[in-house]
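One structure is given here, and the rest of the page talks about it.
Read the figures in this text as sums done on the coordinates, not as results from a lab. Predicted model only: the values in this text are computed from it and were never measured. Methodologically, a virtual Cβ is constructed for each residue, glycine included, from the backbone with ideal geometry; neighbour enumeration extends over all protein chains shown.
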Amino acid sequence: MSNFTLKVNGATHTVDVEPATPLLYVLRNDLGLQGPRFGCGLGQCGACTVIIAGQAVRSCVRAVSTVQGAEVTTLEGLSQGGTLHPLQQAWIEEQVPQCGFCQNGQIMTAKALLDRNPSPTDAQIRQGMAGTLCRCMTYYRIQAAIKRASKTITAQTDPTSEVLA
Amino acid sequence: MSTRRDFLKQSGLLVVGLGVVPDALADPLAAAAQGALGPGPYPDVDFRQLDSWVVVRPDNTATFYVGKTDLGQGTGTAFRQIMADELDMAYERTSVVMGVTDVTVDQGGSGGSDALQTDGWPMRRVAAEARRVLLDMASTRLSVPVAQLTVSAGVVSVAADPTRRVTYGELIGGRRFNVTLRGDNINATTGMAPLKPVQQMKYVGQSFKRDDIPAKVDGSLRWAVDVRLPGMVHARNVKPPVAGATLVSIDEASVKSVPGFVRVVSKGNYVAVVCEREEQAIQAARQLKVNWQKPATAPFPASENLFTFMRAAMPTAMGTPAAVGNLDSGLASAATRVEAEYEVPFQGHVSIGPAHAMADPSNDQLTIYSNDMKSYGLRDGVARFLQMPRDRVRVMWMEGPQAYGRTAADDAGFEAAFLAKELGRPVRVQWMRNEETAWDTKGPAFTMKMRGGLDAQGSLVALDYEARIADHNHIGYNEFDTVLIAQLTGQRKTTPARGGGGAVPSEMYAVPNQRFVAHVVGMPLVWETPLRTGNLRDPNGPQVAFASESFMDELAVAANADPVAFRMKALAASTTEDSGFKRARSIAVVKAAAEKYGWDTRPSPKRVGSGEVLSGRGFAYAVRSQTIAAQIVDVEVNRRTGRVFVKRIVCAHDCGLVVNPEGLRRTVEGAMLHSLSRALHEEVTFDTEKVTSVDWASYPTLTHADTPESIDVVIVNGDPNPNRPDLPHYGAGETACKPLLAAVANAIFDATGVRIRRVPFRNARVLAALKTARV
């Protein structure tokens, strides 16, 4: 066991775990976070996704020793001062989730996508989200919600444009 | 006598506690964590007491307690709507608690799309009864006959003088109703109050947003996977590497050095390792050396030989034919005869989150925190499995990854309970991905022979359906002697379940000579097998309708008729059998789908184009119980790659009275895309020792890239008297799963002239069929 210092959602934590421990288990079991969830442990489904340095990262296959000192954002860290992120708001407006278990991965992957490209085309959304799986098959609503959030975000950054959503 | 009602009793005496007790009841999980509901025992909640269903607080809010679980289709929101409507309480001032075995009445949890069709009725009746009792109380309080009172949003007023008013909260808040209900069983529960005519229900028909969604998108929801208890440990299973293998020995020394190692637990062929931390348990399970003896004979054929095996197998159960007229003479006299055979492989539940549960053995009892859709069944099953009194076991239902029937056989709940009792500590069991995908319950494989005859006018005069279903030993609902740990520990049933129930076509075509029959076959290995079948969303309809509705298209081709017109002719044919107006409603639904789509009448296939991408349209329809769905899809078939892309789906859907239209639309969308995944991608593969589809790469499913560009859901009410005051609400969870496989196959034929009779329509299969046909 070794000590590792992590910055998660703006707070600093030190944990004493084996270096190879997947970040997912540290976030869930040591820090008590509930956003990232175990889906496959193989980096295939996306349910465990967090954001590190602007990238959507699958925390189930990322050893805790490799993220020491990095800023980790989880679903819990998306809202700012009690205001939901436009993606979260769009998820509610479009009533996206069914069971909701995968939606952490959907929202976090979409966040990284929109941070890179605030106005993705339909094809870019399909491609950017293709590796993030949903077993309730809410894909149609997820894509609608990403487009809705994209409009909100571009309107916020460009004060001359109108929110069409 | 329930613990919950003990609290209510106390709250009636102890005015100071009024605000506290209902809040604890509104969050039974938090209450349990605080020990607030008491140390047990946990007797059944008495469904014949109004207090078991409805609590009204002094602040004029109400909580409904129902014995169902919400699998993500918004049934909890719909229950609030119908109960708030009957109670005349403002919707925003209500909440609902579901599926906690010692807090809510036993309505069986979820399954069979029956939430509104069956369980909605006692919910409405008890809420109406609470309204009646409250109006009586108001009548006494205000000294005005009930007939001269009005009620709105939980406020009772004198009709002639609205300044004279009293709230429900003032009348009953925090005290018991003490009203006994009637009914031989929970579904028959009723008081004296009549139900409201549908026309007077103001929340029914409104698209309230789902009350569970905000916490699912901001990360605040506490799921069953999130339960953490003091002193808990983590367990992982070690499954036999070959199906049917026998445990010979375990080398416990192989994991002694793993940090945090607690114990290896084994009984029969069940093996688990327990560690202090989760990643330690994972490591120990991988590292544990176990010596297994392979079975003497192969447990099953390899998946590429599955259908050959099924056709040759001696059925374990022969079906009884459902016959109309005389099939043989009908076929013999037909001007045109058509035959075809269809195949659907085993498909998995393959939940996005593998099985999991936490069990706490404190106080010589068991509290199981679980996402089991049938929490009451888990409680009963665990009590019998561990030979504990039933009232020493309770199950707290919490949200979880949905698997559409998977948790009806909740292996992890039983395993956690078993291990917790062994260790005397709270144990969390979590299956790994390869374990879940290989060993979860499977939807049965089908091979179906269809024969049909047309007369000289192209009318359908004979129809034969004969199925073989690999469904021997179909796993039931949390039975103490059929869940996997019961099988592996040797505590299993003597007689396997028959399987194959009711797996015949459901469409309402009137055919003068018809025979439907389904036989069940088994694999060589009956127990301890990863090919154990269970209820996968419907659970037979998508397979059956793939054959029956593909075949209707083949008949229409033989008749040189438009596929919709051909079906309409068969639906409109004279017959007296039309239970539940299902034929009239079928006609309305088929028409609505064709109208929304803009269907133009022509036979299939259309003239095959010359480009790389061929497009076509396909229709199919099906009935499930009283609910009807008709679907039309547009496909694009890439003749170079074989890829099938479903570009557009139109669905017309009649489930009677609709409680929440937007909730229904999303449920139908999800059901259709689930079936699209089954149509295009899903197949359990295996060699002669084990399942080889074990993750998302080897068991591919629908992705964002496959998502249709447009989906239209048309809500139909084809009841011959849609304005009647007693219009029923039917189920909607599964019907829309049924037609889609056939609709896609029919569209592929329309686009290419090539008929695919084997699911799934993966690129390689489609490409090979196109090449064979030189398309």
Counting only DSSP beta bridges fully inside chain A, the antiparallel percentage to nearest 5 is 90
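Over all directions, the average projected area of the alpha-carbon convex hull for the range A:86-157 comes to how many nm²? Mind dumping the intermediate values first?
Values: hull surface 16.4 nm².
Answer in nm², one decimal: 4.1.
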Computed curve, the range A:1-143, Cα-only Debye sum without solvent term, log₁₀ I(q)/I(0) at 0.11, 0.13 Å⁻¹, is -0.39, -0.54
Going through B:Lys68/B:Lys202; B:Lys267/B:Lys690; B:Lys267/B:Lys738 one by one, the pairs whose alpha carbons sit over 32 Å apart turn out to be B:Lys267/B:Lys738
For the table B:Lys209/B:Lys374; B:Lys294/B:Lys493; B:Lys209/B:Lys596; B:Lys256/B:Lys289, the rows whose alpha-carbon distance is greater than 18 Å are B:Lys209/B:Lys374; B:Lys294/B:Lys493; B:Lys209/B:Lys596
Excluding residues fewer than 8 positions from B:Lys216 in its own chain, the aspartates and glutamates with Cα under 15 Å of it are A:Glu76, A:Glu93, A:Glu94, B:Asp70, B:Asp226, B:Glu399
Bounding extents of the range B:584-639 in its principal axis frame from Cα atoms, largest first in Å, are 43, 21, 16
Distance in nm between B:Ser254 and B:Asp46 label points, each 7 Å along Cα→Cβ, equals 5.6
Expressed as a whole number, the average count of other chain Cβ atoms within 10 Å around the Cβ atoms of A:123-132 is 3
Computed over the range A:2-77, the convex hull of the Cα set has an average projected area, in nm², of 4.2
B:Gln148 and A:Thr83 label points (each 7 Å along its Cα→Cβ direction) are spaced in nm at 5.5
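Helix-derived [θ] at 222 nm for chain B: sum -39500 (n - 2.57) over DSSP H runs of at least 4, divide by residue count, nearest 500? Before the final figure, lay out the partial values.
Working: 20 runs with 216 residues, N = 775.
Calculated mean residue ellipticity at 222 nm is -8500 deg cm²/dmol.
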Hits in the range B:599-614: amide N under 14 Å from the 7 Å Cα→Cβ extension of B:Ala340, namely B:604-606
So, with points 7 Å from each Cα along the Cβ direction, the B:Ser698-B:Ala768 label distance in nm works out to 2.0
In chain B, taking the dipole from +1 charges on Lys and Arg beta carbons and -1 charges on Asp and Glu beta carbons about the Cα centre, the listed residue (B:Ala697, B:Trp599, B:Leu288) farthest towards the positive end is B:Trp599
Applied in sequence order to the range B:759-775, the curve 6.51 cos²θ - 1.76 cosθ + 1.60 (Karplus, θ = phi - 60°) yields integer Hz couplings, x standing for Gly and Pro, of 8, x, 8, 6, 3, 5, 5, 5, 4, 4, 5, 5, 5, 4, 8, 6, 8
Neighbour-count ranking for B:Ser113, B:Ser362, B:Ser370, B:Ser693 (other C-beta within 10 angstrom, fewest to most) reads B:Ser362, B:Ser693, B:Ser113, B:Ser370
Here the FRET efficiency for B:Gln200 versus B:Ala456, based on Cβ atoms and R0 = 60 Å and rounded to 0.05, is 0.65
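Might you report the magnitude of the Cβ-based charge dipole of the range B:573-772 about its Cα centre, with Lys and Arg at +1 and Asp and Glu at -1, to the nearest 20 debye? Intermediate results must be reported in sequence, preceding the final value.
Values: 27 positive and 22 negative charges, 148 e Å.
The calculated dipole for the range B:573-772 is roughly 720 debye.
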Here the whole-number average of other chain Cβ atoms within 10 Å per Cβ of B:222-230 is 2
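So between A:Ser65 and A:Leu31, what do we pick up on full extension, going 0.36 nm a residue minus the alpha carbon distance?
Numbers: separation 34, 0.36 × 34 = 12.24 nm, distance 1.57 nm.
The A:Ser65-A:Leu31 span can extend by a further 10.7 nm.
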Note on chain B: alpha-carbon gyration tensor, axes a ≥ b ≥ c; rule is a/c under 1.5 for rounded, else prolate if a/b larger than b/c, else oblate; result oblate
Of B:241-254, B:696-709, ordering from highest average Cβ density within 10 Å down gives B:696-709, B:241-254
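Please work out whether the protein assembly as shown counts as rounded, prolate or oblate from its C-alpha gyration tensor, where a ≥ b ≥ c are the square roots of the eigenvalues and a/c under 1.5 means rounded, while otherwise a/b larger than b/c means prolate and anything else oblate?
rounded
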Placing +1 on each Lys and Arg Cβ and -1 on each Asp and Glu Cβ in the range A:26-165, then taking the dipole about the Cα centre, the residue among A:Gly46, A:Gln68, A:Gly81 whose Cα reaches farthest towards the positive end is A:Gly46
Of the residues B:Gly616, B:Val144, B:Cys737, the Cα lying farthest along the dipole of the protein assembly as shown towards its positive end, which is defined by charges on the beta carbon of Lys, Arg, Asp and Glu, belongs to B:Gly616
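When the dipole is taken about the Cα centre of the range A:86-157, and only Lys, Arg (+1) and Asp, Glu (-1) are charged at their Cβ, what size is it in debye, to the nearest 20?
On the way: 8 positive and 4 negative charges, 15 e Å.
Charge dipole, the range A:86-157, about its Cα centre: 80 debye, nearest 20.
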antiparallel share of DSSP beta bridges within the protein assembly as shown, to nearest 5, in %, is 75
Only helices counted: for chain A, with every DSSP H run of 4 or more residues adding -39500 (n - 2.57) and the sum spread over all residues, [θ] at 222 nm is -9500 deg cm²/dmol
Quick calc, chain B, dipole around Cα centre from Cβ unit charges on Lys, Arg (+) and Asp, Glu (-), nearest 20 debye, gives 460
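If exposed means no more than 11 neighbouring beta carbons inside 10 Å and the site is in a DSSP loop, what's the longest run of chain B without any exposed trypsin sites (Lys or Arg not before Pro)? It would help to have the intermediate numbers written out before the result.
On the way: sites that count: B:Lys256, B:Arg607, B:Arg640, B:Arg774.
Here the longest run is B:257-606.
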